[in-house]
Amino acid sequence: HCSGCHVNGGNIIRRRKTLKLAALKRNGIDNPEAIAKIARIGTGSMSGYEKVLEKGQSEVVGKWIWEQAQNAWIQG
């Protein structure tokens, strides 16, 4: 679901709402738990995925996104 709009940590709909570290911090999202919460309940025009994610999966998503942001979304 996330990669549809957030390709390589970017955002094809709202340029300033990326998953890049600087943007996350600028928007007050400064830890994996904050990302997990957004994955569950959504924020602004972005829907949450609480009904799709099984127990504990939002935390996995939050941790993975945070790690990718720390590495500037460089794969490898």
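Descriptive notes on the structure:
- Residues of the chain: accessible area per residue with a 1.4 Å probe, Å²: 72 Å²
- Size-normalised alpha-carbon gyration radius of the chain, reference 2.2 N^0.38 Å: 1.00
- Additional length obtainable on full extension of the chain from GLN70 to LYS25, 0.36 nm per residue less Cα span: 15.1 nm
- Selection among ASN71, LEU21, ALA36 by position relative to the dipole of the chain gives LEU21 as farthest towards the positive end (Cβ unit charges, Cα centre).
- Relative contact order, percent, the chain [alpha-carbon distance under 8 Å, six or more residues apart]: 29 percent
- Computed magnitude of the charge dipole of the chain (debye, nearest 20; Cβ of K, R +1, Cβ of D, E -1): 360 debye
- By accessible area, using a 1.4 Å probe on protein heavy atoms only, segment 8-74 has 51% of its surface on carbon and sulfur.
The values are calculated or read from the model by the stated rules, or taken from the named source; none is laboratory data. Quantities reported herein were computed from a predicted structural model and do not represent experimental measurements. Here the Cβ is made from the backbone with ideal geometry for all residues, glycine too, and neighbour counts use every protein chain on show. These area figures cover heavy atoms from the full protein model, side chains too; ligands, DNA and RNA do not enter into them. Shrake-Rupley method; radii C 1.70, N 1.55, O 1.52, S 1.80 Å.
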